[in-house]
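Below you'll find the structure, written out as structure tokens, and then a few comments.
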Amino acid sequence: MNAKKANHNIRHLRVHSVLYGNDPERIEQTVAHLNRAADLAISGGAAASVSLTYGDSSPSPVLSSDFLDRVRANSPALRSVDYVHFDGNLGSAKGHNTLIDDAESKAREGVELDAILIMNPDVMLAPDTLIELLRPTSNPRVGMVEARQLPIEHPKEYDRSSGETSWATTACALIPIKVLRELNGFDNESFFLYCDDVDFSWRARLAGYQVIYQPSAVVFHDKRLSKNGQWAPTASEQYYSAEAALIMAHKYSRPDIAEKLFKSFSESDTPHLKRAAAEYAERKASNRLPTPIDPEGRVAEFLGDHYTKHRYAL
């Protein structure tokens, strides 16, 4: 398939990463991989330009001006490498919304933009990853394209012929700017660190878009593993995951699940679960929970601790 013909809907791509205490040396490795992927995508006609922007939620900036100068000099395939320190921990959803707002401001100033690639700062792209992520966007119904993560591949089920899946993780996912505009970005009022991507995916599907898993778009995602070979989440990740689970059940019109989770978390001896239950109760009392949507369950899936069917066990 001719790359230029297949990817004509996306010409100008901007890559976003939100930082929090990340290692600059690892970031430099990530940019080197991105630069190579951008070089191949541009020379192959899959994109006209690729730019990169970091938003930093760390207590103090993790990237120096010398570091940025060196990265820019070593990344000739990237149209620009920008960096902003948020001066506060905005979390995932608000961090990306802030960067999207910045991108929109630049677009109004004449900087062309067709899509955003959101990826974790510890993700390293294979040389052809951008080409493969862009390929499905020849279909205007595609609202989100997710890469395949290694060494731990996400086990979500997907259609082998179309690539359609229930939701896409923003560890590495491409979103056309028109979809971000239509959906008003991520729901940062409800989600801080987890499930903002699940929620965005489900809202995209409710709006008539397809969410695509593209296994040919491969990235290395540097996750820490436990002794038994499974992902080892931090205490904060466990808390925000629990908090998000309660909010997702409420937002997607499953009060039965929300009540069950709330009771379980409230009675738990695990501190992060009790804290999540208390936060949910406070939001409910102060009327800060989102308005429930999808009452018919058109897109929402709650299968145990998962938000879709998995194709193999974790």
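Name the residue, out of Ala93, Ala32, Ala73, that is assigned by TED's automatic domain parsing to the domain that holds Ile118, crowded, with 19+ Cβ neighbours inside 10 Å, at pLDDT 95 or above and over 17 Å from Leu174 (Cβ atoms). Exactly one residue qualifies, and that residue is Ala93.
Looking only at residues in segment 260-305 that are out of contact with any helix residue (DSSP H, G or I) (no Cβ under 9 Å at 6 or more places or on another chain) and within 17 Å of Phe191 (Cα to Cα), the one that is surrounded by the fewest Cβ atoms within 10 Å (Cβ to Cβ) is Asn287. Scanning for something part of a helix (DSSP H, G or I) and surrounded by 18 or more Cβ atoms within 10 Å (Cβ to Cβ), does segment 101-114 turn up at least one residue? The answer is yes, given that some residue of segment 101-114 is part of a helix (DSSP H, G or I) and surrounded by 18 or more Cβ atoms within 10 Å (Cβ to Cβ). Against the test of being touching a Leu at 6+ places or on another chain (Cβ under 6 Å), assigned by TED's automatic domain parsing to the domain that holds Lys156 and in contact (Cβ under 8 Å) with a residue 40 or more places away in the chain, the options Ala217, Ala204 yield a single qualifying residue, Ala217.
When segment 281-310 is filtered for residues that are in a loop (DSSP other than H, G, I, E, B) and under 21 Å from the mean Cα position of the chain (by Cα), the ones remaining, listed by number, are Pro290, Val299, Ala300, Glu301, Phe302, Asp305, Tyr307, Thr308, Lys309.
Among the residues examined, Asp199 qualifies as over 16 Å from Ala147 (Cβ atoms) and without any contact (Cβ under 8 Å) to a residue 60 or more places away in the chain.
Per-residue answers, yes or no, for (1) closer than 29 Å to Ile118 by Cα; (2) modelled with pLDDT of 95 or more; (3) not aliphatic (A, V, I, L, M):
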site	(1), (2), (3)
Gln230	yes, no, yes
Tyr239	yes, no, yes
Ile247	yes, yes, no
Ser253	yes, yes, yes
Glu279	yes, yes, yes
Leu289	yes, yes, no
Gly297	yes, yes, yes
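Here Leu174, Leu134 are screened, and the one residue that is in a strand (DSSP E or B) and surrounded by 24 or more Cβ atoms within 10 Å (Cβ to Cβ) is Leu174. Within segment 177-202, the set of residues being out of contact with any Pro (no Cβ under 7 Å at 6 or more places or on another chain), of a type in the set (Gly, Ala, Ser) and not in a helix (DSSP H, G or I) comprises just one member, Gly185.
Of everything in segment 157-171 that is part of a loop (DSSP other than H, G, I, E, B), of a type in the set (S, T, N, Q) and touching a residue at least 24 places away in the same chain (Cβ under 8 Å), the residue that is surrounded by the most Cβ atoms within 10 Å (Cβ to Cβ) is Thr170. Being among the charged types (D, E, K, R) and in contact with a strand residue (DSSP E or B) (Cβ under 7 Å, 6 or more places away or on another chain) is the filter; apply it to segment 109-134 and report the residue that is farthest from Phe200 (Cα to Cα). Only one residue fits best here, namely Glu112.
The values are calculated or read from the model by the stated rules, or taken from the named source; none is laboratory data. What you see is a predicted model; the values in this text were computed from it and never measured. No Cβ is skipped: glycine too gets one built from the backbone with ideal geometry, and neighbour counts run over all protein chains shown.
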